[in-house]
Amino acid sequence: METANMMPVKERSGGYLGYVISPHYKQQHDQKEFALFEAINNENLPAARGVFESLVNLDGYALVDAQWGRLSIFLEVGNIYLAQQLVQEIKSVRVNSQPLSPREKPHF
């Protein structure tokens, strides 16, 4: 199934499930995610719930991802402290999973 935000590509292209995410979609997703993290960090529960809902409407994957599922529960029950802890966990995993930049070979 194709959507306006994705286009089919070869299976081994490195795209998500055989699809390449468009730059526009990626930008929208990143903006909403940033707004969600900011709302949670600022302890603005109503805003966090609204941004989370708009993120799920943009990206249904958020409903099946374990971390996003936990975040949904924390927001639903109003536990901002656990939501903040999970946001920190998500951020640290992303920082630690970034590929290292290639280094120059040492000159002997």
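The values are calculated or read from the model by the stated rules, or taken from the named source; none is laboratory data. Since we're looking at a predicted model, the values are computed, not measured. For accessibility, only protein heavy atoms count, side chains too; no ligands or nucleic acids. Shrake-Rupley method; radii C 1.70, N 1.55, O 1.52, S 1.80 Å.
Assorted remarks:
- Only one of the listed residues (Arg12, Arg70, Arg103) is at pLDDT 85 or above, open to solvent by 70 Å² or more (accessible area, probe 1.4 Å) and of a type in the set (Lys, Arg). That residue is Arg70.
- Evaluating Phe108 against the criteria (1) open to solvent by 90 Å² or more (accessible area, probe 1.4 Å); (2) among the aromatic types (Phe, Trp, Tyr); (3) modelled with pLDDT of 85 or more leaves one unmet condition, (3).
- The set of residues in region 36-71 that are assigned to a helix (DSSP H, G or I) and either hydroxyl-bearing (Ser, Thr, Tyr) or farther than 14 Å from Ala83 by Cα (or both) comprises Gly50, Glu53, Ser54, Leu55, Val56, Asn57, Leu58, Gly60, Tyr61, Ala62, Leu63.
- Scanning region 43-67 for residues that are under 15 Å from the mean Cα position of the chain (by Cα) and open to solvent by less than 70 Å² (accessible area, probe 1.4 Å) turns up Ala48, Val51, Phe52, Ser54, Leu55, Val56, Leu58, Asp59, Gly60, Ala62, Asp65, Gln67.
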